[in-house]
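The values are calculated or read from the model by the stated rules, or taken from the named source; none is laboratory data. For clarity, every value in this text was computed on a predicted model and none was experimentally measured. Glycine gets a Cβ as well: all are built from the backbone with ideal geometry, and neighbour counts include every protein chain shown.
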């Protein structure tokens, strides 16, 4: 059933949020539709649980106002079914009910509802709850878009240089694991994982003849190769979270002794995330085949890290990394989603 004044099909270019109103009482349903349309929302309506599920699948609402006391499927069951389908998994659901007991609230939230509003509701409160739920969904959508952009950029780098296949994903996982050992909080772990994923994105600007060269690079080729951290930082600038992980992309080739590039930072002047990525980048490069040499063993690579501790790498990070490698399995539940694109 379409809402009052709402077309059966979306009007092309109409970007107003669509609210699905699920209410078996015709008077209440009409009141809600009129209120929402007056406030600038589009509406669709349903009078029972089965109709609600069909409308949610067909119209893809931005938010669902859902009465609990519906005939047939009640609001709790409708919520559970909506949460079991990928298309409606993240759609905000606000339950409307005359039941005010704690058990009712708990059951609604356990079913997957985002909010709970008692009848009779006050219009300002209802509208505020709707605005809040839509803001949260928009923020999550931006995060999903940013995550997809990061993954696409990382894949673009690896497509250009087949010899480093899965390198960026492995690095994200290793960097987040080391960051966990170093005591980083969740937000910092996310930044480290994104920085690891995109650390080499600047290689998009490096000719394939240099990236895949079988022998040593000459001085001119090295100059081009050494430009990739700066190119990468510029590529990442438009991403909303670049302020957190951009410095990692720019500084992952700095050295603890100050002889790195592009800025010659030294010691703790190098961002911690960049120090973490620099170490795991070197380890992963050593333990996988490259055009110019065969892979080293894990033990051999670890000895190299210990040798360079305090010179190329942060001395405090090397033992933490060795300890983390000693775990039989990565603690995936502790890692941010960006570290889990692949662990191969």
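Here are the numbers for this structure:
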{"read-out": "Which numbered condition residue 293 misses (of (1) at pLDDT below 95; (2) over 23 Å from residue 222 (Cβ atoms))", "value": "(2)"}
{"read-out": "Only one of 41, 76 that is within 20 Å of residue 132 (Cβ to Cβ) and surrounded by 15 or more Cβ atoms within 10 Å (Cβ to Cβ)", "value": "41"}
{"read-out": "So residue 70, is it without any contact (Cβ under 8 Å) to a residue 60 or more places away in the chain, assigned to a helix (DSSP H, G or I), touching a strand residue (DSSP E or B) at 6+ places or on another chain (Cβ under 9 Å) and more than 19 Å from residue 130 (Cα to Cα)", "value": "no"}
{"read-out": "Residues (part of a helix (DSSP H, G or I) and surrounded by 14 or more Cβ atoms within 10 Å (Cβ to Cβ)) located in the range 101-131", "value": "104, 105, 107, 108, 109, 111, 126, 127, 129, 130"}
{"read-out": "Residue identified as in a helix (DSSP H, G or I) and farther than 19 Å from residue 285 by Cβ among 202, 243", "value": "243"}
